[in-house]
Structures are given as structure tokens and as C-alpha cells.
Amino acid sequence: MAAQQRRRPGRGARGGKGSAGGNSDMRNKGLLLTAFAGGFIAFVIFIIDSMQHGETTLALEFENITAASWPVPCALPAATRGGNPLCQTSSCARMVWDGLVPMEDVDQLRSTADTIMNKYGGADGGTAQTQHDEYWHTHIDKVTYGSFDYTCLLYLSTYRQNFTGGRFVFEDKSYRGGDMHRVVEPKAGRVSCFTSGAENPHHVEQVASGTRYALTIAFTCDPDMAIPQPRATEATTSSAVPSNL
Ligand SMILES: O=C(O)CCC(=O)C(=O)O
Ligand SMILES: [Fe+2]
């Protein structure tokens, strides 16, 4: 109540006829100032953010890499990681290897994937049920999937040639600032492996154009999570895609 009484004379005093125009001027100036302040804050955040994470590329699309590996400190000491003691490796790492899988196998897998996706719908054919279904969110495979101890990815298509966007990004946080994004550019036949723990948080950039194919292959040390070793049979060794697909 007291506040209202103070404001009323203020309006009158500022000025008879011109008072409504004066108020809207003030409002416009206020809005302008707010927009300017908002823009300035966004600009400062952008600058700080880009200063805080640099980017470096571990594997460019045009490189031919043989078993390159980059050690990373394990997020947890081996003894506290749980799971099977046989899997308590004392070191954690990332690895990229081109040419490990013969290109004819890569082509075969891609054409099988194509056939399946044409029939059942690809990434556009379904709605994400959870955030885990959206590849562009930062995640830790051990947390997302539970069973993963080692993650391997076999790429079946190539960055820039077959799609844009879609680079794989390790997100290395530094408590002293200077976070670093370490990028692997997918390339048909490239295998990228890493330990699945919190030492390797990552995301995939959203695909901007084209089609990106990646096969995620998980290794577990938990016998309860493991699937039996596949046995070669007529059906699995045949190079033909089954006719009923
Ligand atoms: O497709 C990729 O490059 C990575 C996929 C991934 O992060 C995952 O399957 O957990
Ligand atoms: Fe992942």
C-alpha cells in the first residue's frame, strides 16, 4: 500500500499530458537495456565457453591409422570398479585402428544395414524413448548400458564423404579449466575402442546431412551379461542377405 501511494504522485508530478508517452519511453529504454544486457551476458558466456574447451582431433578421416592408442587415467581405481576381477585393468585408454576389418566385410555389413533400415525404418523411423536413444547427449557407456567394460565402434561410412556432422567426441574435463574435446572422425572400416568407464565420457555430433553407419560392439567381463560365442553356421557365413528381409 505504501508503495502505491508513493508512486501515484510521482506520475502526476512528472507531467500532465506527457506522462503516458514518458512512461512508454521509459519502458522501451528498459526493454532495450534488458535486451542489451542479455546479449552481452550471452556473448561473455560464449567467449568463456569457447575459451574453456579447446578441440583436437585424434583421427582425421583421411588418415590411415594402425593401432594408435592414447592412455587416459582410469576414473576409478581398479579395486573399486566392481565386476569381474579378471577385468580390473590397471590402465584405461582409447584406440583407433584402420584396416582391421576387410573392406568387403564393411561393405557387406553396410548393405545389410541398408536393407534392414529400408525395411524397418532407420534413425528417422522411431521416436526416442529415453535420452539414451539420442546419440548426441554426453554419456558414459558403463552407466548407460551397465554391462559394457570395453566399447568398440566399427564405422561403416565416412565423415564428409557420406555425411556431415556426426563426429565422435571424447569430452575431457579439467578441474583447472581448459576442457578439451578430442575428436574421432568416422571412416568406413575404422575401429575405435575405449574403456567404457567415466574416464571416457563422449557424445556424437548431430548428423547434419547424409547417412552415418556405426556398429557398436561391447565387451563385458561379466559372464551373466555375456552372450555365447556365436558359432559359424550356414546362415551366418552366407554372404547373401536373407530374401525375406
Ligand atoms: O556411433 C558412435 O560413434 C558412438 C555411439 C555411442 O556412443 C554408443 O553406442 O554408445
Ligand atoms: Fe557411447
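Derivation of every value follows stated rules applied to the coordinates shown; laboratory data play no part. Since the model is a prediction, treat every value here as computed from it, not as a measurement. Quick reminder, even Gly has a Cβ in these numbers, built from the backbone with ideal geometry, and neighbours come from all protein chains shown.
Simple spin-label estimate for Cys87 and Ile217 gives 1.7 nm between the two label positions (7 Å along the Cα-to-Cβ direction from each Cα). For Lys173, a cut-off of 16 angstrom between C-alpha atoms picks up these aspartates and glutamates, skipping any fewer than 8 places away in its own chain: Asp49, Glu55, Glu199. For the stretch 169-214, the normalised intensity computed at q = 0.27 Å⁻¹ comes to -1.15 (log10 of I(q)/I(0), Debye sum over alpha carbons, equal scatterers, no solvent). Summing +1 for each Lys or Arg and -1 for each Asp or Glu among the other residues whose beta-carbon sits under 13 angstrom from that of Thr56 gives -2.
In summary, the aspartates and glutamates within cross-link reach of Lys187, defined as a Cα separation below 16 angstrom excluding same-chain residues under 8 places away, comprise Glu61, Glu63, Asp98, Glu104, Asp105, Asp107, Glu205.
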